[in-house]
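Encoded as structure tokens, here's the structure I'll be asking about.
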Amino acid sequence: GLNPYNRGWFPQVFSIINGLPSGVTIHEIDEELDHGAIITQRQYQIESWDTSGSAYEKIMQIERELVLEWFESIRAHRYQVTQPEPGNLNLKRDFDKLRHIDLDEKGSFAQLINRLRALTHGSFKNAYFFDPEGNKVFVRIQLERDSGL
């Protein structure tokens with residue numbers, strides 16, 4: 001993720017949910033999760049048609065580019081760092097709470113669409129609800145930008 005935003009578990013998921021910036025951070029390791037001194041970063045703007053899966057693919061491409069760009073400097077310890085600012089941290093249990101969709105939950109269409117976008121990642125069965133008979137039903141969303149605009 002783009003530290004200090006959405007450190008921890010599946011940062012792109014939480015950037016879609018909370019609107020905080022997304023991207024890649026290469027950092028030193030310290031005793032905290034996704035927290036060490038920052039070597040370099042690159043932001044990725046999540047688009048309204050991105051899902052967790054499409055955002056992840058683009059973020060992984062940026063990560064590969066940054067690793068190749070910075071590998072020699074890091075290996076030779078030739079880099080400057082900046083200290084991370086306070087931010088938020090998301091754990092697996094936070095992701096697990098998002099997965100179950102309560103059909104009686106109140107919210108806006110934007111919140112629902114963003115939640116489904118955040119939980120759609122290829123063939124993973126993330127989002128689900130229980131129907132009146134108790135069946136667990138998995139949900140994914142497909143988004144397509146009008147390329148004619």
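Among the residues of the range 92-123, which ones are surrounded by 13 or more Cβ atoms within 10 Å (Cβ to Cβ) and assigned to a loop (DSSP other than H, G, I, E, B)?
I101, T120, H121
Looking only at the range 108-149, which residues are out of contact with any strand residue (DSSP E or B) (no Cβ under 8 Å at 6 or more places or on another chain), over 22 Å from G53 (Cα atoms), modelled with pLDDT of 95 or more and not hydroxyl-bearing (S, T, Y)?
Matches in the range 108-149: P132, E133, G134, N135.
Of all residues in the range 1-19, how many are buried (at least 17 other Cβ atoms within 10 Å of the Cβ), at pLDDT 95 or above and either assigned to a strand (DSSP E or B) or out of contact with any Ser or Thr (no Cβ under 8 Å at 6 or more places or on another chain) (or both)?
Count: 2.
Can you confirm whether T82 is among the hydroxyl-bearing types (S, T, Y) and surrounded by 16 or more Cβ atoms within 10 Å (Cβ to Cβ)?
Against the criterion (among the hydroxyl-bearing types (S, T, Y) and surrounded by 16 or more Cβ atoms within 10 Å (Cβ to Cβ)), T82 does not qualify.
While we're looking at this one, here's another question. Residues of the range 58-91 being assigned to a loop (DSSP other than H, G, I, E, B) and either hydroxyl-bearing (S, T, Y) or closer than 12 Å to I39 by Cβ (or both), which ones?
Answer for the range 58-91, where residues must be assigned to a loop (DSSP other than H, G, I, E, B) and either hydroxyl-bearing (S, T, Y) or closer than 12 Å to I39 by Cβ (or both): H77, R78, Y79, Q80, V81, Q83, P84.
Considering every residue within the range 128-142, establish whether at least one is surrounded by 12 or more Cβ atoms within 10 Å (Cβ to Cβ) and closer than 22 Å to L2 by Cα.
Within the range 128-142, not a single residue is surrounded by 12 or more Cβ atoms within 10 Å (Cβ to Cβ) and closer than 22 Å to L2 by Cα.
Among (1) loosely packed, with under 12 Cβ neighbours inside 10 Å; (2) under 30 Å from A127 (Cβ atoms), which single condition is I62 missing?
(1)
May I pose another question? List pairs: first residue in the range 108-121 and basic (K, R), second residue buried (at least 20 other Cβ atoms within 10 Å of the Cβ) and assigned to a helix (DSSP H, G or I) anywhere in the structure, Cβ distance under 6 angstrom, at least six positions apart or on different chains.
Note: pairs meeting the criteria are R117/I16.
Please work out if R78 is over 24 Å from G19 (Cβ atoms) and basic (K, R).
yes
Note down all Cβ pairs under 6 Å where the first residue falls in the range 16-28 and is over 18 Å from A110 (Cβ atoms), the second is of a type in the set (D, E) and surrounded by fewer than 23 Cβ atoms within 10 Å (Cβ to Cβ), and they're at least six residues apart or on different chains.
Partner pairs satisfying both residue conditions: V24/E63.
Assess whether Q61 counts as being under 22 Å from R117 (Cβ atoms) and either touching a strand residue (DSSP E or B) at 6+ places or on another chain (Cβ under 6 Å) or polar (S, T, N, Q) (or both).
yes
How many residues does the range 130-146 hold that are within 22 Å of N114 (Cβ to Cβ) and polar (S, T, N, Q)?
So the count comes out to 1.
Given the structure, is I46 among the β-branched types (V, I, T) and surrounded by 15 or more Cβ atoms within 10 Å (Cβ to Cβ)?
yes
Within the range 24-42, how many residues turn out to be charged (D, E, K, R) and within 20 Å of A55 (Cβ to Cβ)?
Residues that pass the stated criteria total 2.
The values are calculated or read from the model by the stated rules, or taken from the named source; none is laboratory data. Because the structure is a prediction, the values reported are computed rather than measured. Counting neighbours? That spans all protein chains shown, and the Cβs are built from the backbone with ideal geometry, glycine included.
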